[in-house]
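Chemist: Here it is, the structure in full.
We did not get these values from a lab; they are worked out from the coordinates using the rules stated. Bear in mind that the values here come from a model prediction, so they are computed numbers and not experimental data. Cβ coordinates were reconstructed from backbone atoms using ideal geometry, including for glycine residues, and neighbour counts include every protein chain displayed.
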Amino acid sequence: MTTKIAGLVAGALFAAGMAMTGSAQAQAYDEEAAKALFKRNDCGKCHHPSRDKKGPSLQKMAKDLNKKPAEAMNRIVKNATTAPKVKLLDDGKEEEHKIIDTKDEKQIRNMGTWLLKQ
């Protein structure tokens, strides 16, 4: 019986440690590099920090994406790398989302982490 309890405690401690490690990694990001990638790709042409333009504001995107945190980063990476059709807020037309100018997923995820913090 004590072996079973010890195993459960060890498993719980391992899971808690992994969760803390994951959240610590999710919080660590390079804000300046993220802003530079955002600027270099003219993302501000459609996305403003606090108000909608052609696309939703960064604050609105962060709020919506943070409702489903398990899916958030995958959605950001997909939109930045695959040019899905998006509906423009200013005129309702559809166009392909711009593909970001890097294939480095670490850079894209860094920008995604920054976006989620807005």
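Chemist: Of Lys85/Lys106; Lys78/Lys98; Lys87/Lys117, which pairs sit farther than 20 Å apart, going by alpha carbon to alpha carbon?
Modeler: From the list (Lys85/Lys106; Lys78/Lys98; Lys87/Lys117), the Cα-Cα distance tops 20 Å for Lys85/Lys106; Lys87/Lys117.
Chemist: Amide H neighbours of Asp52 under 5 Å, at least 5 residues apart or on other chains, H built in the peptide plane: list them.
Modeler: HN-HN under 5 Å from Asp52: Ser57.
Chemist: Give me the distance in nm between label points sitting 7 Å out from Cα along the Cα-to-Cβ direction at Gln118 and Asp90, one decimal.
Modeler: 1.6
Chemist: Only loop residues by DSSP count here, and only those with at most 14 other Cβ atoms within 10 Å; note down the trypsin sites (Lys or Arg not before Pro) in the range 32-75 that meet that.
Modeler: Arg51, Lys53, Lys67
Chemist: Quick one: net charge around Asp42, please, counting Lys, Arg +1 and Asp, Glu -1 for every other residue with C-beta under 15 Å from its C-beta.
Modeler: Within the 15 Å Cβ shell, the charges total +4.
Chemist: Once you place label points 7 Å from the Cα toward the Cβ at Thr82 and Lys53, how far apart are they in nm?
Modeler: Here the modelled spin labels are 2.5 nm apart.
Chemist: Quick check: from the Cα gyration tensor, does the range 31-116 come out rounded (a/c under 1.5), prolate or oblate?
Modeler: Verdict is rounded for the range 31-116.
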